[in-house]
Amino acid sequence: MSQQTNIAAQTAFGEAVVTGDLDALEEIVAPGSIDHDPAPGQVPGPEGYKTMFGELRTAFPDLRIAVDHLVATDEEVAFAYTVSGTHLGPLMGHRATGRKVSYRGMQISRFDGDGRLVERWGSSDELGMLRQLGLAEAGPTSGRPSHVW
């Protein structure tokens, strides 16, 4: 596929997550799509992404994802992003804190000939997010980014 087709598919994926229209992932993600950095218990394909992002949206109903930098080829899209939101629902067994977070991540997505996501590699600063929420203690790297995945 073309770079533009892949960028459009990745953009549609992001819009589905931010708007909460997770059923749209059925058309964007291939049935056997593999996430090489899955959330605990995440299954392959659209259902895994729907569950993972459903939980994130429950925790952060005002979730925003800003793409900071993007590079595309005919098969892949790689991008750096910033996630922000207010912790208003349960997250990883923790009750809502009401605190705002902003943390960074990177992702590489590979698409098939139909422009559907078939593989994903990703990394986000979950430890930094948990520290901002007061759910993880600041350690020796306090004040500096910590990349845990």
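The values are calculated or read from the model by the stated rules, or taken from the named source; none is laboratory data. Predicted, not measured: the structure shown is a model, and the values here were computed from it. In this analysis, Cβ positions are derived from the backbone assuming ideal geometry, glycine residues included, and neighbour counts consider all displayed protein chains.
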Going through the stretch 109-120 in order, the residues found to be at negative phi and surrounded by 16 or more Cβ atoms within 10 Å (Cβ to Cβ) are Ser109, Arg110, Phe111, Arg116, Leu117, Val118, Glu119, Arg120
Taking the stretch 4-41 and the residues there that are among the polar types (S, T, N, Q) and surrounded by 15 or more Cβ atoms within 10 Å (Cβ to Cβ), the one that is farthest from His69 (Cα to Cα) would be Ser33
For the stretch 53-74 the number of residues that are of a type in the set (D, E, K, R) and out of contact with any strand residue (DSSP E or B) (no Cβ under 6 Å at 6 or more places or on another chain) is 3
**Asked** In this structure, does Asp23 turn out to be under 11 Å from the mean Cα position of the chain (by Cα) and charged (D, E, K, R)?
**Response** no
In the stretch 63-98, anything loosely packed, with under 13 Cβ neighbours inside 10 Å, among the charged types (D, E, K, R) and more than 23 Å from Gln42 (Cα to Cα) is listed as Asp68, Asp74
Has the stretch 111-130 got any residue that is modelled with pLDDT of 95 or more, touching a Gly at 6+ places or on another chain (Cβ under 9 Å) and farther than 17 Å from Asp37 by Cβ?
-> no
Could you say whether any residue in the stretch 19-40 is within 22 Å of Asp114 (Cβ to Cβ), polar (S, T, N, Q) and without any contact (Cβ under 8 Å) to a residue 24 or more places away in the chain?
-> no
Check: When you look at Leu56, is it more than 14 Å from the chain's Cα centre (by Cα) and among the hydrophobic types (A, V, I, L, M, F, W, C), yes or no?
Finding: no
Among residues of the stretch 50-62 being under 13 Å from Val18 (Cβ atoms) and among the charged types (D, E, K, R), the residue surrounded by the fewest Cβ atoms within 10 Å (Cβ to Cβ) is Asp62
